[in-house]
Amino acid sequence: MKKLEVELCGIRMKNPLMLAAGVLGISPSLLKRVADAGAGAVVTKSLGVEQREGFSGPVLVDLGYGLLNAMGLPNPGVREFCRELEEFGEIGVPVVASIYGFSVEEYVEAAAYAERYVDAVELNVSCPHVEKVGVQFGQSPELLREVVEAVRSAIRKPVFVKLTPNVTNIAEMAVIAEDAGADAVVAINTVRGLAINPELRRPELSAVFGGLSGPAIKPIALRCVYEIYQRVNIPVVGCGGVSTWRDAVEFLMAGASAVQIGSAVYYRGVSVFSEISRGLAEFLNSSEFSSVEELVGIAHRST
Ligand code: SIN
């Protein structure tokens with residue numbers, strides 16, 4: 001049997017498949033369900049310093065080829081989430097806390113609190129539809145540098161930075177994140193989009209704009225991973241439309257050291273993790289590669 005295990009910033013994972021932020025990560029019991037279903041690691045719903053209700057509905061529309069969401073970052077607040085996590089006990093796989101803030105100070109406060117309970121933090125600087133939080137940081141080279149430097153110097157655990165595709169040059173932003181001390185970058189968060197209901201004559205989402213995820217954005221995400229891999233030396237985690245083992249292999253070959261899965265969990269349930277890891281194992285077994293790590297970035301070497 002070939003090796004599915006990977007190591008990401010010192011974190012050992014039994015396979016390269018991670019639950020993406022925002023999907024099922026709102027409670028420890030759901031994280032455990034995903035871990036038991038075969039994920040190599042899990043990322044929480046984005047957590048802030050204060051509890052947030054999120055937007056009122058509709059917050060999600062299934063377009064068939066992808067999901068458009070504007071949940072509004074609902075979460076119980078980092079302290080309450082960490083209390084529940086501690087009370088719950090072992091999740092069984094590494095846990096990454098996704099963190100957002102309305103200011104650099106809030107990112108630092110939430111990350112510093114969370115790091116005691118998790119294996120790494122992932123800075124959400126890329127939510128495309130909540131005002132003054134997220135994408136404002138990820139679209140500004142100065143703010144991105146400031147927030148990554150501040151969190152990096154405040155905590156000891158690995159810092160991942162989840163980048164937005166809603167910029168002119170995502171590889172430039174990855175270089176800035178690396179330079180500011182990020183241990184890994186995650187590419188990509190959702191693509192800002194809009195859906196209109198012709199019968200109701202109004203936008204489908206209460207927040208009007210939302211973030212598009214799922215199969216529709218896979219080629220965009222793959223292109224971003226490929227471009228970033230050429231520019232940075234830190235690991236890249238691929239995210240965006242991974243639904244099958246072939247998608248996972250494409251991301252690994254483009255340069256991802258691991259992949260995150262989000263919308264496919266909505267479409268197919270948590271069994272998607274065991275299905276993809278089985279497919280990945282079969283692909284490796286029928287190839288000359290002896291580990292997942294050997295696949296990483298291989299598409300660059302053949303061009
Ligand atoms: C949301 O809660 O609205 C989604 C968060 C994100 O896209 O980062």
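When you check Y117 against the structure, is it of a type in the set (S, T, Y) and open to solvent by 50 Å² or more (accessible area, probe 1.4 Å), yes or no?
Details: of a type in the set (S, T, Y): yes; open to solvent by 50 Å² or more (accessible area, probe 1.4 Å): yes.
So Y117 fits the description; yes.
Matching residues to (1) modelled with pLDDT of 95 or more; (2) open to solvent by less than 50 Å² (accessible area, probe 1.4 Å); (3) closer than 24 Å to I220 by Cβ:
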residue: P94; (1), (2), (3): yes, yes, no
residue: A112; (1), (2), (3): yes, yes, no
residue: C127; (1), (2), (3): no, yes, yes
residue: N169; (1), (2), (3): yes, no, yes
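Annotation: S46 fulfils all but one of (1) farther than 17 Å from G134 by Cα; (2) modelled with pLDDT of 95 or more; (3) of a type in the set (S, T, Y); the unmet one is (1). Would you tally the residues in the range 147-169 being more than 17 Å from the chain's Cα centre (by Cα) and assigned to a helix (DSSP H, G or I)? Total meeting the criteria: 7.
Could you tell me whether the range 5-22 includes any residue that is farther than 30 Å from E282 by Cβ, in contact with a helix residue (DSSP H, G or I) (Cβ under 9 Å, 6 or more places away or on another chain) and within 14 Å of the ligand (Cβ to nearest atom)?
Just the residues of the range 5-22 that are farther than 30 Å from E282 by Cβ, to begin with: none.
Scanning the range 5-22, I find no residue that is farther than 30 Å from E282 by Cβ, in contact with a helix residue (DSSP H, G or I) (Cβ under 9 Å, 6 or more places away or on another chain) and within 14 Å of the ligand (Cβ to nearest atom), so the answer is no.
Say whether the condition of being at pLDDT 95 or above, open to solvent by 30 Å² or more (accessible area, probe 1.4 Å), more than 18 Å from A258 (Cα to Cα) and within 14 Å of the ligand (Cβ to nearest atom) is met by at least one residue in the range 210-231. Within the range 210-231, one or more residues are at pLDDT 95 or above, open to solvent by 30 Å² or more (accessible area, probe 1.4 Å), more than 18 Å from A258 (Cα to Cα) and within 14 Å of the ligand (Cβ to nearest atom). The set of residues in the range 29-56 being open to solvent by less than 10 Å² (accessible area, probe 1.4 Å) and not β-branched (V, I, T) consists of L31, A35, A39, G40, A41, S46, L47, G48. Can you tell me how many residues within the range 170-194 are of a type in the set (A, V, I, L, M) and part of a helix (DSSP H, G or I)? Matching residues across the range 170-194 total 7. Only residues that are part of a loop (DSSP other than H, G, I, E, B) and out of contact with any Lys or Arg (no Cβ under 7 Å at 6 or more places or on another chain) were counted across the range 29-41, and they come to 3. Among the residues that make up the range 149-170, is at least one of them acidic (D, E) and more than 17 Å from R231 (Cα to Cα)? Checking the range 149-170: at least one residue is acidic (D, E) and more than 17 Å from R231 (Cα to Cα).
The values are calculated or read from the model by the stated rules, or taken from the named source; none is laboratory data. Source: prediction; values computed, not measured. Note that each Cβ is placed from the backbone with ideal geometry, even for glycine, and that neighbours are counted across all protein chains shown. Ligands, DNA and RNA are stripped out before the accessible areas are found, and what is left, the full protein with its side chains, is counted by its heavy atoms. Shrake-Rupley method; radii C 1.70, N 1.55, O 1.52, S 1.80 Å.
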